[in-house]
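Undergrad: I am attaching a structure below and will ask some questions about it afterwards.
The values are calculated or read from the model by the stated rules, or taken from the named source; none is laboratory data. Note that the structure is predicted; figures quoted are calculated from it, not measured. Note: ideal-geometry Cβ built from the backbone for every residue, glycine included; neighbour counts use all protein chains shown. With ligands, DNA and RNA removed, areas are computed over all heavy atoms of the protein, side chains included. Shrake-Rupley method; radii C 1.70, N 1.55, O 1.52, S 1.80 Å.
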Amino acid sequence: MEVTIATCYHQDPNMIDEICNPERDMHRDAACDCFLLELDEYTDDIRYLGKNCFVFPQFYGDYYVNNAIALWEKIWVEKTKSGILLADHLKSKGIRTYEQFERHIKGVEDYFWNEKFKVYQGWKDEHWNEYCKNGYVDLLSGFRCTGIMTRNQSINYPVQGAAFHCLLWSLIQLNNWMKKRKMKTKIIGQIHDSIVMDKHPDEMNIILKKAKKIMTEDIIKHWPWIIVPLEIDVELTPVNKSWYTKKKSKQTGFECKCGSK
């Protein structure tokens, strides 16, 4: 969600294509760049490393040294799709020491910002200069943040703030819709980027369909500044079970196929 909302600010054409083109995957590609892998050799676990040890930290203002440290720890346990330990694969590419790996990640970072997403990088520089001049940052959702901020804060506040407002707006619309219909399902809160519900099994499918419409269609009509598609995921537990049993829903559209009834 925050990647999507950030794109509404910087409007980097390459990032827009990343989001809209189903054949592109920035987390997969970043992982392959970091570990010098061909696309047919990455795994879901390796993609996870690209996402959480490089892409997201970079988006929030981290830099290559911390990324390299986090990634280096994983090369001794993760394997390629062919079953080769990442450490051994990197050795075959000429990277045998941490120092060599850190220099390589520095190059990946340079490519990421100065070639791949250079419009995004330009927006960050311009946005920081505007904050230094004005002393505040404006959110696309209509709010203004003021006060002393670091560079990272001045960039992250608008993105994370507007992303949360999208969640909050959607929660309010969904809650009003359910109350009007006197549904048994209740919204019990929100956690980070999720709406948390206590759902009645008989109401599950109709609520999921309505939630999808609100969160991916209605909100774009309400806020035309959202210029890229939005998506939602659903995780469910069986009836009266704990979060330990929560799994991503297997669905066709939003017809629940998870066995939760």
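Undergrad: Could you check, for segment 154-168, whether at least one of its residues is open to solvent by less than 20 Å² (accessible area, probe 1.4 Å) and among the polar types (S, T, N, Q)?
TA: Scanning segment 154-168, I find at least one residue that is open to solvent by less than 20 Å² (accessible area, probe 1.4 Å) and among the polar types (S, T, N, Q), so the answer is yes.
Undergrad: Counting just the residues of segment 49-66 that are part of a helix (DSSP H, G or I) and aromatic (Phe, Trp, Tyr), which one comes out least open to solvent (accessible area, probe 1.4 Å)? Let's see the steps before the verdict.
TA: First pass over segment 49-66, keeping only residues part of a helix (DSSP H, G or I): 49-59, 64-66.
Pick out the ones that are also aromatic (Phe, Trp, Tyr) and you get 54, 56, 59, 64.
On the way: PHE54: 0, PHE56: 59, PHE59: 16, TYR64: 45 Å².
Selected residue: PHE54.
Undergrad: Mind checking which pairs have a first residue in segment 39-65 that is under 21 Å from LEU86 (Cα atoms) and a second that is open to solvent by 50 Å² or more (accessible area, probe 1.4 Å), Cβ under 6 Å, 6 or more apart or different chains?
TA: GLU41/LYS81; THR43/LYS81; LEU49/LYS74; TYR64/LYS106
Undergrad: In segment 19-43, how many are assigned to a loop (DSSP other than H, G, I, E, B) and closer than 15 Å to VAL108 by Cβ?
TA: 3
Undergrad: Kindly indicate which of ILE148, ILE195, ILE188, ILE226 is assigned to a loop (DSSP other than H, G, I, E, B), without any contact (Cβ under 8 Å) to a residue 40 or more places away in the chain and of a type in the set (Val, Ile, Thr).
TA: ILE148
Undergrad: Is it true that some residue in segment 110-124 is modelled with pLDDT of 95 or more and over 24 Å from ILE16 (Cα atoms)?
TA: no
Undergrad: Identify, by number, the condition in (1) touching a residue at least 12 places away in the same chain (Cβ under 8 Å); (2) closer than 23 Å to SER249 by Cβ that LYS213 doesn't meet.
TA: (1)
Undergrad: Can you run down the residue pairs with Cβ atoms below 7 Å, 6 or more apart or on separate chains, where the first is in segment 82-107 and surrounded by fewer than 17 Cβ atoms within 10 Å (Cβ to Cβ) and the partner is outside any loop (DSSP other than H, G, I, E, B)?
TA: That search, which allows pairs on different chains as well, returns SER82/GLU41; LEU85/LYS79; TYR98/TRP72; LYS106/TYR64.
Undergrad: With ILE16, ILE69, ILE46 as the choices, which residue is open to solvent by 70 Å² or more (accessible area, probe 1.4 Å), part of a helix (DSSP H, G or I) and aliphatic (A, V, I, L, M)?
TA: Step by step, each of ILE16, ILE69, ILE46 is checked, and only ILE69 is open to solvent by 70 Å² or more (accessible area, probe 1.4 Å), part of a helix (DSSP H, G or I) and aliphatic (A, V, I, L, M).
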